[in-house]
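Visitor: The structure is given below, and queries will be raised subsequently.
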Amino acid sequence: MNLMEPCCDKCHNTLANPCKDYIACRTEGPLCHESAECKAKLAEARDKLINGNHDLVIRIGMSTCGLASGSQEVYNALKKELDLRHIDADLMRVGCMGHCYAEPLVEISKRNSTSVLYGQVKAAAVPKMIEAYLNGDAQGVMAVRARKGTLKGEEGVPIFEELPFNKGQYRDVMVNCGVINPDSIEDYIAHGGYRAVTKVLTQMKPEEVIATVKASGLRGRGGAGFPTGLKWDFCRAAKGDLKYMVCNADEGDPGAFMNRLAAEGDPHRILEGLIIAAYAIGATHGYIFVRAEKLQMARRFMTAVDAAQRYGLLGDNILDSGFNFDVEVMLSAGAFVCGEETAMISAIEGNRAMPRPRPPYPATSGLMGKPTTINNVETLAHIATIILDKEYFTKVGTERSKGTKVFCLAGKVTRTGAAEVPLGTTIRQLIFDIGGGVANGKKFKAVQTGGPSGGCLSEKFLDLPLDYESLQSAGSIMGSGGIIVLDEDTCIVDTAKYFLNFTTAESCGKCTPCRIGLKRIHETLTRITQGRGTVEDLDQLKSLGASIGNTALCALGQGAPNPTLTTMNYFRDEYLAHIQEKRCPAHVCADLIAYKVEPSLCIGCGLCYRNCPIDAIRFEEVFDEQTKEVAKKPVIDSEKCVRCGSCFAICPKHAIIRE
Amino acid sequence: MDNMTKEKIDEIVERAYQRHKHHNPSQSGLIIMLQEVQDEIGYLPREALEKTSELMVIPLSHIYGVATFFHQFRLRPRGIHTITVCRGTACHVQGSEDLTKLLYQTLKLKDGEDTTQDGLFTVMQVRCLGACGLAPIMKVDEEFYGKVNAVSLPKILSKYRGESS
């Protein structure tokens, strides 16, 4: 049976007449009548959801990162292989466990047997993989869930939770990601879902919910770190006939994908948090505002909302509590500034997403002028745990930053992915222990935190704990939790320019400091990367950056100078090398480098010659020192070369070098 | 879809309006309406904006303002396949700038152009697709490609060239 359906005729739960024990009944029922048969039916349904319909269960990560590494082909190959072997198995598309570096990730489990995980699975390798597993062989396995001793050679395979990437992680938001079927409300409930909503609606007053969240110390995970309970309290206290509860899923920070990951892996957890928040503030209508660029995340939310409506967890008189709440998923048409509360409100109202001065804060006058609370996806994902088991949440973190945070590791790091760690974990632990350090044996240069409003921190900050205040004291921010590792091949001035290019383009144009000031910073940085900067430019940047930070209307403008200010602070030498020596130490800035062909590596394939857009490459007879022969090799005419880098990018042998 | 008649465009807008006129206040349905119209036509022709203005009783200037503010909306036709290149931070440090240049060169697109002469490809750059662990990322229509480089790029393109010939 479907876990959501009535166990027998005695069940009286309907949408029109909901039962307050509906969820509790699914997990420990039936409660309204004694029946061994019904109890067994429900237990069996739960068991199938947790352990699978068949003996063999195969889970494959199919969120965006999985798809980008070819998980669809692997899925097809798995399906074909199972068909060929006439094996009945559960082939589940699940969310992502955060191990982007190991995608596509496949987990195979069999009743009474050792569950195993395979990383970087290729479609072509699927038949061999299935064959080995069915023969009880641990060949090619990346990790085992727990050792049960049923596979040959499993002693030599690490346990999943002990992999370097998992050690030091503490999962709350991501606990179900990669485990449950994100499109199944049943699966979420079988794994303990919607118990928090039940508890809140049947046993707690809104004030008690707010007090509980306040006591947990939860702070907004979207960036600013405002205490969530206090935010709810303001909105609850605000006078209004109608209130709105909005979930900010407009994840716009480049380099941050924790919201996408959480929503693609476990959307009902976020929805549950949203319902509880709405009850606490007294909202009857809600929005989930999702970025259209992250379509898969939006689809998961829509499916989740549909299911919750179908089973009475959204709508009128939820669980017979008298509480009415409904949600609409709205696709954001894409603008970075929408992450700012008042800009998002403007977009939902059908306007250009331009922020407005605060106060009045959305808590008193938000959407359509009504009291509105806006919470980030990750903030809401913590709520169910806080309601059910506050200890689990509060026992980790620091004094002022409680709980966990999902950080996204990307850039020049060995193991990319998303890791949920206690707040207060150091940058070094995150990048070196969990992430495995800088990729390809290169030297660490800097770490960029907090996206375009954050900053670049140098090596001396590696032991800084990741929490709101520590990062701020270093001139950066935690922001949404993007961690981009930069190595010696990354130019720091170019990185600052990249962010300014981003924020200049994303500026909504409403206030002058942001609209004009950022453009001036971008122009100055461009000049420096072209070798036309002066030392005075640095002073100018500093004072301009400070003025914008103090005077811009919203957080986008106020934070936008941070990448420039922090890099000037911590990497002044690199700025000076561009200005005084007209040199880009990382060989990135096009105007300060030259391309050359290294004849000993060149195989003379001619790809560079054919791809040069301005015909600056010609073949010449070159004497090869190693082979002592004369061969025709390409030569780049540095006068003609426009340093577009296409030869560098296309050379299969990396024989084009930058100087 | 360049030559869609005004009648056809009006009909598409009218249908989208019927689906979304229930929004209260009505203007809050504007963005979703434009999104659905663009999904059907591929872009937002002037006629579609005019019809939207007429039906929703919102000044055309406001609708044009909204349509030009957000990245998702296009006012020009697009090619058969849309290539979306991610220009997020992780992609940037993994070489997406060079990759983007290479893509424009390969497709013989000049400055300011985003659609190939044969109308097969339209190139769009986005802020972040959120698959940063596999940077640099590219998307063709709904298909994602991770760790794209100069060697894999031509292979990806030829897949779509083959399909349409």
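The values are calculated or read from the model by the stated rules, or taken from the named source; none is laboratory data. Fair warning: this is a prediction, and the values are worked out from it, not measured in the lab. Don't worry about glycine lacking a Cβ; one is built from the backbone with ideal geometry, like all the others, and counts go over all protein chains shown.
Visitor: From the list B:E47, B:E7, exactly one residue is part of a helix (DSSP H, G or I) and surrounded by 14 or more Cβ atoms within 10 Å (Cβ to Cβ). Which is it?
Guide: Numbers: B:E7 fails: surrounded by 14 or more Cβ atoms within 10 Å (Cβ to Cβ).
Step by step, each of B:E47, B:E7 is checked, and only B:E47 is part of a helix (DSSP H, G or I) and surrounded by 14 or more Cβ atoms within 10 Å (Cβ to Cβ).
Visitor: Right, another one. Would you pick out the residues in segment A:542-564 that are part of a helix (DSSP H, G or I) and either crowded, with 23+ Cβ neighbours inside 10 Å or touching a Phe, Trp or Tyr at 6+ places or on another chain (Cβ under 6 Å) (or both)? Working first, answer last.
Guide: Step one: filter segment A:542-564 for residues part of a helix (DSSP H, G or I), giving A:542-551, A:555-559, A:562-564.
Correct list: A:I548, A:L556, A:G557, A:G559, A:N562, A:P563, A:T564.
Visitor: For segment B:97-118: of the residues being facing chain A (nearest Cβ under 10 Å) and in contact with a Gly (Cβ under 9 Å, 6 or more places away or on another chain), which is surrounded by the most Cβ atoms within 10 Å (Cβ to Cβ)?
Guide: B:L102
Visitor: Among A:P465, A:P452, which is within 24 Å of A:G225 (Cα to Cα), surrounded by fewer than 18 Cβ atoms within 10 Å (Cβ to Cβ) and either not hydroxyl-bearing (S, T, Y) or not assigned by TED's automatic domain parsing to the domain that holds A:S507 (or both)?
Guide: A:P465
Visitor: Now, a different point. Being buried (at least 17 other Cβ atoms within 10 Å of the Cβ), more than 19 Å from A:G334 (Cβ to Cβ) and away from chain A (no Cβ under 11 Å) is true for just one of B:V13, B:V37. Which residue is that?
Guide: One residue alone meets the criteria, B:V13.
Visitor: Could you check segment A:439-482 and list, in sequence order, the residues that are closer than 15 Å to A:N569 by Cα and among the hydroxyl-bearing types (S, T, Y)?
Guide: A:S458, A:S473, A:S476
Every residue, every condition in (1) more than 13 Å from every other protein chain (Cβ to nearest Cβ); (2) closer than 30 Å to A:K445 by Cβ; (3) out of contact with any Pro (no Cβ under 6 Å at 6 or more places or on another chain), yes or no:
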| site | (1), (2), (3) |
| --- | --- |
| A:C584 | yes, yes, yes |
| A:C589 | no, yes, yes |
| A:I603 | yes, no, yes |
| A:C608 | no, yes, no |
| A:D624 | yes, no, no |
| A:E639 | yes, no, yes |
| A:C644 | no, yes, yes |
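Visitor: In addition: Scan segment A:81-125 residue by residue and report those that are among the acidic types (D, E) and within 13 Å of chain B (Cβ to nearest Cβ). Spell out the reasoning first.
Guide: Taking segment A:81-125 and keeping what is among the acidic types (D, E), we get A:81, A:83, A:88, A:90, A:103, A:107.
Listed by number, the list holds a single entry, A:E103.
Visitor: Let me ask another. Which numbered condition trips up A:T504, out of (1) under 25 Å from A:R520 (Cα atoms); (2) surrounded by 24 or more Cβ atoms within 10 Å (Cβ to Cβ); (3) at pLDDT 95 or above; (4) not hydrophobic (A, V, I, L, M, F, W, C)?
Guide: (2)
Visitor: Restricting attention to segment A:396-440, and to residues there that are within 14 Å of another protein chain (Cβ to nearest Cβ) and among the charged types (D, E, K, R), which single residue is nearest to A:A262 (Cα to Cα)?
Guide: Among those residues, the one meeting the criterion is A:R415.
Visitor: Under 9 Å between Cβ atoms, at least 6 apart or on separate chains: pull out the pairs that start in segment A:151-176 with a residue that is under 25 Å from A:N135 (Cα atoms) and end on any residue that is of a type in the set (D, E).
Guide: Going by the 9 Å Cβ cut-off, the qualifying pairs are A:L151/A:D137; A:K152/A:D137; A:G153/A:D137; A:F160/A:E107.
Visitor: Those residues that are within 14 Å of another protein chain (Cβ to nearest Cβ), more than 20 Å from A:E349 (Cα to Cα) and surrounded by fewer than 24 Cβ atoms within 10 Å (Cβ to Cβ), I need them from segment A:274-301; list them, please.
Guide: A:L295, A:Q296, A:R299
Visitor: Please go through segment A:331-345 and pick out each residue that is of a type in the set (S, T, Y) and within 10 Å of chain B (Cβ to nearest Cβ). Explain how you work it out, then say what you get.
Guide: Pass one, segment A:331-345, residues of a type in the set (S, T, Y): A:332, A:342.
Within segment A:331-345, A:S332 is the sole residue that qualifies.
Visitor: Let me ask another. Against the conditions (1) free of Cβ contacts under 8 Å to residues at least 60 places away in the same chain; (2) within 25 Å of B:L49 (Cα to Cα); (3) more than 7 Å from chain A (Cβ to nearest Cβ), where does B:V66 fall short? Just the number, please.
Guide: Only one criterion in (1) free of Cβ contacts under 8 Å to residues at least 60 places away in the same chain; (2) within 25 Å of B:L49 (Cα to Cα); (3) more than 7 Å from chain A (Cβ to nearest Cβ) is unmet by B:V66, namely (3).
Visitor: Determine whether A:V213 is outside the structural domain of A:I318 (by TED's automatic domain parsing) and either buried (at least 23 other Cβ atoms within 10 Å of the Cβ) or of a type in the set (S, T, N, Q) (or both).
Guide: In short, no.
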